[in-house]
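Structure first, then comments.
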Amino acid sequence: MPTVSADLDLCQRFLRDSGTIWNRTELLEFYQDALRQLCARSQAARRFVCLPVPPRWTMSGTYAWEQHHALGGSFRKLTYSYRSTTRETTALWAIESAEGLTPTAAFPGVTQLWEISHTTLDVARHYRFALPRNHERIAGLWWDHKRLWPVTVRELDAYDTAWYRQSGEPYFWTPGLGESRSVEIYEVETTYQQAYAQTDLLGLPRYITGARTYTQTYEAGQQWRFAYTSPGELADGLESTGLRITRDAVSGRQVLYIWEEEMAAGATTFTAASRVGTYAFEALHSAATVTDLPTGTVRSASSPDRQYVTTEPWAASVGTVRAWQSSELALLVWESVIPDKPAITETEVPEILPGPLQKYLRYYVLFMAFNRQGEGYNGNLAAHYEQRWLRGVRLLKRLGDITWMDQKFQRQPVARTARRIPAPQLPSDFPRVRG
């Protein structure tokens with residue numbers, strides 16, 4: 001795929017200008033706008049993203065100006081504004097008290113929305129989820145693999161109760177009246193869920209543990225140089241590769257055999273354990289098997305029972321895994337996106353689009369250049385390249401229609417019954433064919 005610099009070189013050749021009339025910075029701004037416009041109009045760049053339940057926000061604050069302290073993350077304002085947004089309060093009764101009225105009972109507030117799972121009281125806050133920065137539009141939303149249907153705030157307001165406090169299983173979603181990159185679900189699911197949690201928040205994941213079974217695949221020939229029983233035995237400056245031969249018990253101690261862990265837990269029956277060796281050569285003198293040592297970090301994940309996909313399907317799957325997410329007991333969002341960077345540089349490649357479609361970005365640059373008032377204006381060429389640019393928008397929309405028609409629909413899984421499905425019956429007045 002050509003870089004942005006190569007595309008701009010082609011544009012300057014068509015313009016027959018080396019920067020005298022249209023400078024390079026101006027053409028680059030046209031190119032950046034073309035990429036955003038093409039993705040926004042066609043809704044062709046889509047991806048899946050998982051949001052944990054209850055909602056997680058990067059930062060909560062009391063004033064809107066505190067948002068710049070979130071460093072590009074999501075920001076949630078937890079207070080109510082009154083007196084023309086000159087004052088903020090965390091509860092509605094405080095507004096009545098400040099105005100000299102008798103305060104009425106109010107629902108409690110929370111700093112972070114995941115705190116709802118730790119209270120049995122209703123909370124006077126909207127159940128709002130933050131969407132990624134490059135979010136453009138929601139194409140589908142599921143909770144725990146069950147489809148949620150979109151509704152408007154006006155429809156939800158028709159209920160007699162305060163819908164944003166109603167607890168239960170979610171089955172509707174609405175953009176709400178909050179930030180542009182946010183979504184609300186109804187009803188409110190208050191059970192705290194955590195799909196994957198990094199234990200030490202430093203560096204990259206080295207191993208994965210949980211209720212599921214994980215095994216490693218690795219290259220042959222890697223073996224350990226020494227064995228140790230506890231993390232404290234790792235001396236500083238030890239450069240060779242070691243193998244820990246113990247396991248963590250529930251009591252917090254390190255044990256060699258599984259029966260020791262069962263004994264510490266108070267079990268009366270124990271599991272037979274195999275031999276534990278300390279060095280690879282010991283396998284020559286026992287029936288134990290020796291496996292190679294997996295080193296490095298997690299590069300990929302695969303399973304015959306579930307599917308793992310990258311969050312950026314249009315980019316090359318290289319490097320390491322930055323974050324793990326799951327769609328079980330969480331929100332699965334199918335969204336259309338736009339470039340999340342404020343500006344793409346000349347050395348980069350617009351990976352969000354296939355290489356052959358970059359010509360439509362060049363057409364937009366030429367359209368904007370010839371349509372600019374002043375020296376170099378040419379209305380006929382501007383209209384010509386505008387039609388070529390709009391052809392790219394129509395092409396991406398048509399490709400989206402084809403993928404929509406080719407998708408396979410299925411019902412949600414239900415329990416099977418032994419009852420036989422009755423055959424369809426025609427009405428009594430339906431004409432019959434007699435032999």
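If I filter region 365-373 for residues that are exposed (fewer than 15 other Cβ atoms within 10 Å of the Cβ) and either farther than 23 Å from Arg46 by Cα or not assigned by TED's automatic domain parsing to the domain that holds Gln37 (or both), do I get at least one hit?
Looking through region 365-373, at least one residue is exposed (fewer than 15 other Cβ atoms within 10 Å of the Cβ) and either farther than 23 Å from Arg46 by Cα or not assigned by TED's automatic domain parsing to the domain that holds Gln37 (or both).
Would you mind telling me which numbered condition in (1) touching a Leu at 6+ places or on another chain (Cβ under 7 Å); (2) closer than 27 Å to Ser180 by Cβ; (3) surrounded by fewer than 16 Cβ atoms within 10 Å (Cβ to Cβ) Phe129 fails?
In the conditions (1) touching a Leu at 6+ places or on another chain (Cβ under 7 Å); (2) closer than 27 Å to Ser180 by Cβ; (3) surrounded by fewer than 16 Cβ atoms within 10 Å (Cβ to Cβ), Phe129 misses (3) alone.
Which one of the conditions (1) assigned by TED's automatic domain parsing to the domain that holds Leu381; (2) surrounded by 16 or more Cβ atoms within 10 Å (Cβ to Cβ); (3) among the charged types (D, E, K, R) does Glu26 fail to meet, given that it meets all the rest?
(2)
Residue by residue, here is whether (1) in a helix (DSSP H, G or I); (2) among the basic types (Lys, Arg); (3) closer than 30 Å to Val4 by Cβ holds:
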{"position": "Gly19", "(1), (2), (3)": "no, no, yes"}
{"position": "Glu26", "(1), (2), (3)": "yes, no, yes"}
{"position": "Tyr31", "(1), (2), (3)": "yes, no, yes"}
{"position": "Leu35", "(1), (2), (3)": "yes, no, yes"}
{"position": "Arg41", "(1), (2), (3)": "yes, yes, yes"}
{"position": "Gln67", "(1), (2), (3)": "yes, no, no"}
{"position": "Ala94", "(1), (2), (3)": "yes, no, no"}
{"position": "Ala105", "(1), (2), (3)": "no, no, no"}
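Find the residue count for region 1-26, including only residues that are aliphatic (A, V, I, L, M), modelled with pLDDT of 90 or more and touching a Gly at 6+ places or on another chain (Cβ under 9 Å).
2
Would you mind finding the one in Phe30, Phe75 that is aromatic (Phe, Trp, Tyr) and over 14 Å from Arg362 (Cβ atoms)?
After applying the criteria, what remains is Phe75.
The values are calculated or read from the model by the stated rules, or taken from the named source; none is laboratory data. On a predicted model such as this, the values are computed, not experimentally measured, just so you know. Neighbour counts are summed over all protein chains in view; Cβ atoms, including those assigned to glycine, are modelled from backbone coordinates with ideal geometry.
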